[in-house]
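The values are calculated or read from the model by the stated rules, or taken from the named source; none is laboratory data. Fair warning: this is a prediction, and the values are worked out from it, not measured in the lab. All Cβ positions, even for glycine, are placed from backbone atoms using ideal geometry, and neighbour counts span all protein chains on display. In case anyone asks, the SASA skips ligands and DNA or RNA and just uses the protein heavy atoms, side chains included. Shrake-Rupley method; radii C 1.70, N 1.55, O 1.52, S 1.80 Å.
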Amino acid sequence: MNALAIEAEGLVKQYRGRTGTVDAVRGVDLSVAAGEVFGFLGPNGAGKSTTVRMLTTLLSITSGTARVAGIDVTADPDAVRRRIGVALQEAGLDPRQTGRELIELQARLFGSSPAEAAGRAEELLELVELTDAADRRIKGYSGGMKRRLDLASALVHQPEVLFLDEPTTGLDPASRLGVWDEVRRINQRGTTVFLTTQYLEEADQLCHRLAIIDDGRIVRSGTPASLKAELRARLALSSDPTLDEVFLDATGRTRERVAGEVQEVGA
Amino acid sequence: MSVLVQTELLGRRAIRESLRTPEALAPTLFIPVFFLVVNFGQAGRIFPSDSTPFLHGQTYAAFQLPSSLLLAASFGSAALYLVEDIEGGYFDKLRAAPVSRSALVLGRLIAEGAKTAVLTAALIVIALPFGVTIASGTAGLVLLLVLTSLWGMVFAGFMQLIALKTRSAAATNSGGLVFFPLLFLTPNFVPRDLLTRPMEIAATFNPVTYVMEALRSLILQDLQWDVLARGFGVVAAFGALMLFLNVRLVRRYD
């Protein structure tokens with residue numbers, strides 16, 4: 001775990017709107033070692049997705065630098081794209097294609113021959129347990145099936161770094177556990193995983209290290225155990241706090257305030 | 001992987017998309033046929049074939065057919081499918097892959113061109129019972145299909161610009177209505193030299209006029225190279241402009 005899979009220094013994203021400039025990300029520094037599962041946590045609107053979109057070449061960087069798989073994101077975005085897999089918050093699927101067609105097309109776009117693409121599709125559909133639904137149109141898939149297919153499509157070229165932006169949002173508990181198993185399996189094969197989530201239990205279960213972002217700035221980073229130990233020591237607690245308590249402390253929120261916020265309700 | 005292979009892959013996907021939504025094709029065929037039938041029905045007797053020199057011995061339906069062809073070519077749904085891709089996140093999935101930005105644009109446009117060629121052929125077959133023939137022969141028929149398809153790609157390129165800029169299906173749909181004033185500021189009902197002076201000036205500045213005149217020449221006359229050169233020149237110039245603007249917009253897309 002020596003080489004860095006992701007490095008960012010002073011990453012800034014500003015949007016110019018009618019009411020002036022909005023700072024979405026205000027100078028984020030990150031370093032993720034190769035082979036890690038790295039969790040990126042934060043409340044809604046904290047800058048998680050914006051950071052991921054900059055790291056995956058989907059959004060221009062206002063200032064600062066970012067290197068993914070050792071390549072500068074701004075200088076050579078195409079080389080970065082060849083080394084990363086991306087599954088964004090909104091499962092990016094074409095509802096009119098079948099699962100198999102979608103994976104095969106993705107594999108072909110990454111340079112596979114038709115025979116290689118067909119083989120890879122078979123392999124990945126089996127991996128995410130969608131073989132039976134492979135020739136059905138995606139519009140008929142459930143939310144969990146779509147998430148798994150999206151994950152499979154991000155793996156067609158065996159990426160060095162996999163970005164997962166809230167991969168379990170809106171999923172039922174069983175589907176969520178399925179995605180967790182998948183993430184562990186992918187990571188065991190050597191892929192670095194950069195995972196954003198709002199579910200602290202997810203981060204606790206999956207991530208070797210994590211960073212908490214709030215209002216566009218990193219406010220905590222470390223291993224889940226070290227973050228809990230730091231809070232326990234600082235507040236002189238009698239037992240280890242939960243990651244929820246670390247998160248609330250880091251973001252200056254209270255349970256009462258969070259409970260009062262409008263919550264997204266999954267179907 | 002070359003841009004051409006990527007374009008072909010994305011083009012095939014766009015064609016598959018169209019084939020799986022046949023209901024979207026129905027108005028694209030019905031409305032141009034409706035215009036052809038109604039315009040011929042209303043003005044066919046005003047312009048009889050044997051005493052109207054600009055018909056070159058054919059019926060008024062032959063004079064009207066280019067309007068219907070251009071209308072069908074400008075009803076493409078490529079931009080609306082693009083908005084769906086943007087809203088559903090699939091466009092980002094493609095942008096995060098090492099796909100040439102030109103292929104991202106061209107794939108859909110080429111599929112739109114192929115779809116327009118099929119619609120054009122269907123409209124020509126539908127027009128045959130109205131006494132329409134293609135006077136320029138087989139070569140003319142091929143040129144007719146090619147020119148209409150190229151126009152379909154140009155207009156789809158314009159619609160894609162609106163889709164990329166606004167990311168809104170409603171705005172993209174409204175943008176398509178721009179074609180109606182462009183269509184009616186052409187020598188749509190009579191040749192340019194029979195228009196009133198203000199309409200003639202407007203038609204002269206309207207690029208659609210030259211495409212329409214080229215299509216009409218292929219239906220009514222033998223190959224008129226000067227007219228064809230103007231028609232193909234317009235689609236080449238606007239095609240290059242649309243491609244340039246689309247690719248630039250995709251590259252700068254945030």
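Only one entry in A:Leu162, A:Leu151, A:Leu177 is without any contact (Cβ under 8 Å) to a residue 12 or more places away in the chain and under 18 Å from A:Leu127 (Cα atoms), namely A:Leu177. When A:Val37, A:Val68 are screened for being away from every other protein chain (no Cβ under 13 Å), touching a helix residue (DSSP H, G or I) at 6+ places or on another chain (Cβ under 6 Å), within 18 Å of A:Leu155 (Cα to Cα) and open to solvent by less than 20 Å² (accessible area, probe 1.4 Å), only A:Val37 passes. Considering only residues that are part of a loop (DSSP other than H, G, I, E, B) and free of Cβ contacts under 8 Å to residues at least 40 places away in the same chain, look in segment B:243-254 and name the one that is most open to solvent (accessible area, probe 1.4 Å). Per the criteria, the residue is B:Arg252.
Any residue at all in segment B:107-115 that is buried (at least 22 other Cβ atoms within 10 Å of the Cβ), under 13 Å from the mean Cα position of the chain (by Cα) and within 14 Å of chain A (Cβ to nearest Cβ)? Yes, segment B:107-115 contains a residue that is buried (at least 22 other Cβ atoms within 10 Å of the Cβ), under 13 Å from the mean Cα position of the chain (by Cα) and within 14 Å of chain A (Cβ to nearest Cβ). Just a yes or no: is a residue in segment B:41-57 within 14 Å of chain A (Cβ to nearest Cβ) and touching a residue at least 12 places away in the same chain (Cβ under 8 Å)? The answer is no, given that none of the residues of segment B:41-57 is within 14 Å of chain A (Cβ to nearest Cβ) and touching a residue at least 12 places away in the same chain (Cβ under 8 Å).
Within segment A:134-154, the set of residues being part of a helix (DSSP H, G or I), open to solvent by 40 Å² or more (accessible area, probe 1.4 Å) and not small (Gly, Ala, Ser) comprises A:Lys139, A:Lys146, A:Arg148.
Of all the numbered requirements in (1) surrounded by 19 or more Cβ atoms within 10 Å (Cβ to Cβ); (2) within 23 Å of A:Leu93 (Cα to Cα), A:Ile213 misses one, and that requirement is (2). Restricting segment A:99-133 to residues that are more than 12 Å from chain B (Cβ to nearest Cβ), hydrophobic (A, V, I, L, M, F, W, C) and open to solvent by 10 Å² or more (accessible area, probe 1.4 Å), the residue that is farthest from the chain's Cα centre (by Cα) is A:Ala115.
Elements of the type helices (runs of 4 or more DSSP H) sitting completely within segment B:1-77 and holding at least 1 residues that are farther than 30 Å from A:Phe110 by Cβ: these cover B:25-43, B:60-73.
Total residues in segment B:17-58 satisfying the condition of being open to solvent by 20 Å² or more (accessible area, probe 1.4 Å) and within 15 Å of B:Leu123 (Cβ to Cβ): the figure is 13.
Taken over segment A:155-207, the residue count meeting the criterion of being under 30 Å from A:Glu116 (Cα atoms), among the hydroxyl-bearing types (Ser, Thr, Tyr) and open to solvent by 10 Å² or more (accessible area, probe 1.4 Å) is 2. All conditions in (1) in contact (Cβ under 8 Å) with a residue 40 or more places away in the chain; (2) closer than 19 Å to B:Val118 by Cβ; (3) not polar (S, T, N, Q) hold for B:Phe63, with the sole exception of (2). Among residues of segment A:75-89 being in a loop (DSSP other than H, G, I, E, B) and surrounded by fewer than 17 Cβ atoms within 10 Å (Cβ to Cβ), the one that is farthest from the other protein chains (Cβ to nearest Cβ) is A:Ala75. Once segment B:92-106 is narrowed to residues that are open to solvent by less than 10 Å² (accessible area, probe 1.4 Å) and either assigned to a helix (DSSP H, G or I) or not hydrophobic (A, V, I, L, M, F, W, C) (or both), the residue that is farthest from the other protein chains (Cβ to nearest Cβ) is B:Val105.
Those helices (runs of 4 or more DSSP H) of segment B:164-231 in which at least 3 residues are touching a residue at least 40 places away in the same chain (Cβ under 8 Å), considering only elements entirely within it, cover B:169-176, B:207-220.
Within segment A:159-194, the residues that satisfy the criterion of being outside any strand (DSSP E or B) and within 14 Å of chain B (Cβ to nearest Cβ) are A:Pro159, A:Glu160, A:Glu166, A:Pro167, A:Thr169, A:Gly170. Taking segment A:50-65 as the range and being open to solvent by 10 Å² or more (accessible area, probe 1.4 Å) and more than 11 Å from every other protein chain (Cβ to nearest Cβ) as the test, the residues that pass are A:Ser63, A:Gly64, A:Thr65.
For segment B:235-242, check the following and say yes or no: at least one residue is outside any helix (DSSP H, G or I) and under 27 Å from B:Thr138 (Cα atoms). Within segment B:235-242, not a single residue is outside any helix (DSSP H, G or I) and under 27 Å from B:Thr138 (Cα atoms). Among residues of segment A:109-127 that are under 21 Å from A:Val183 (Cα atoms) and free of Cβ contacts under 8 Å to residues at least 40 places away in the same chain, those with a Cβ under 7 angstrom from a residue that is in a helix (DSSP H, G or I) and open to solvent by 10 Å² or more (accessible area, probe 1.4 Å), sequence gap 6+ or separate chain, pair up as A:Ala121/A:Arg100; A:Ala121/A:Glu104; A:Leu125/A:Arg100. If the condition is being under 13 Å from the mean Cα position of the chain (by Cα) and either exposed (fewer than 15 other Cβ atoms within 10 Å of the Cβ) or among the aromatic types (Phe, Trp, Tyr) (or both), then segment B:130-177 contributes B:Trp151, B:Phe155, B:Phe158. For segment A:239-254, which residues satisfy the criterion of being touching a residue at least 40 places away in the same chain (Cβ under 8 Å) and over 23 Å from A:Gly216 (Cβ atoms)? Passing the criteria: only A:Thr242.
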